[in-house]
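Below is one structure, written out as structure tokens; comments come after it.
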Amino acid sequence: MAQLGAEKRASALYQGVVTHHRLRPRQHRLRYRVVSFLFDLDEIGQLHRKLRFFSHNRFNLFSFHDRDFGRGDGKGLRAQIMEMLQQNGLADCGARIEILCYPRILGFVFNPLSVYFCYRENGELGAILHDVSNTFGDRHGYLIPVTDACHDAKGVVHQTCAKQFHVSPFIGMKADYRFRICPPGDRVAIAIAESDDEGVFLNAAFAGNHTVLTDRTLLSAFLRYPLMTLKVIAGIHWEAVHLWRKGFAFHRRPTPPEHRITYVAASGAALLSTTRKGNHHA
């Protein structure tokens, strides 16, 4: 399984591009530049000691607040993720937990997708949690183990699951996700193909390059992406207007899933989606 070099195993910035391509019933594309942060959950509480422009659970130019993630109750995020791993038989995947996400910028944040990389003691990637948020304030995660069968010859991780959670009013619930993940290193990439009975209808991706996390790179990122949170939120609604004008079907918001996490059991190269009744704690 893929391992990361020691020089990359620290909190960092990944500057890159988000793309969406809707294939049908009509073509629709978007592309914008963003900066994502990779945080080691063991390190995040200490980062303020070496970074003037970053704080944990306090206001700053950039900040990470535990209540923006997980259950949203503000309690220790690492403990929440560790509990979730233990409940699903993945306790050995909690030696190191990293999250790829957007932080708060001047107190504002919205994360359409936060990705947790969960590593074993030997450095192997053991599980990935894809945590999805919608603009209604709901959040749902897909926890998927990483097995040898998930990796291709280039070390890219392939995972699939059935859709369980409403995201866009212009996409129905009868769909599947196929993830292709290049874990954090010199680069990181997350690609998602969403499909239905007729095949893939949406491709979405983020790809970014590693930048060391320092006050200088934080200030540079702020000057380059000063209104990124507003751009993300405004972009979602602006694209919704375009989809509506193009005549895309509107789907009412269903009741959110009963459980916070969908556990996706891996069996060889095939991934079967299941929901465990005890997984509402994480």
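Each value in this text was obtained by applying a stated rule to the coordinates, not by laboratory testing. Model, not experiment: these values are computed from the prediction. As a convention, Cβ positions derive from the backbone with ideal geometry for all residues, glycine included, and neighbour counts pool all protein chains shown.
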| request: Extending each Cα 7 Å along its Cβ direction at residue 27 and residue 148, get the distance between those two points in nm, one decimal. | output: 4.4
| task | Multiply the residue gap between residue 174 and residue 57 by 0.36 nm, knock off their C-alpha separation, and tell me the result in nm, one decimal place. | result | 38.4 nm
| query | Stokes-Einstein at 10 °C, 1.306 mPa s, Kirkwood radius from Cα pairs: D for segment 10-273 in µm² s⁻¹? | reply | 83
| task | Run down the aspartates and glutamates and flag those whose C-alpha is under 15 Å from the C-alpha of residue 163, throwing out any fewer than 8 positions away in its chain. | result | 131, 138, 176, 194, 196, 197, 258
| request: Take 117, 53, 64 and order them by how many other Cβ atoms sit within 10 Å, fewest up front. | output: 53, 117, 64
| request: Sticking with the crude label model, points 7 Å out along Cα→Cβ, report the distance from residue 186 to residue 214 in nm, one decimal please. | output: 2.0
| field | Estimated FRET transfer efficiency (residue 255, residue 224; beta-carbon r; R0 45 Å; 0.05) | value | 0.65
| field | Per-residue HN-Hα couplings for segment 148-154 [Karplus 6.51, -1.76, 1.60; θ = phi - 60°; Hz; x = Gly/Pro] | value | 4, 5, 7, 8, 9, 5, 9
| remark: Here the FRET efficiency for residue 42 versus residue 196, based on Cβ atoms and R0 = 30 Å and rounded to 0.05, is 0.15
| remark: Listing 198, 43 by rising number of other beta-carbon atoms within 10 angstrom, fewest first, gives 198, 43
| task | Could you line up 255, 262, 135 from fewest to most neighbouring Cβ atoms inside 10 Å? | result | 255, 135, 262
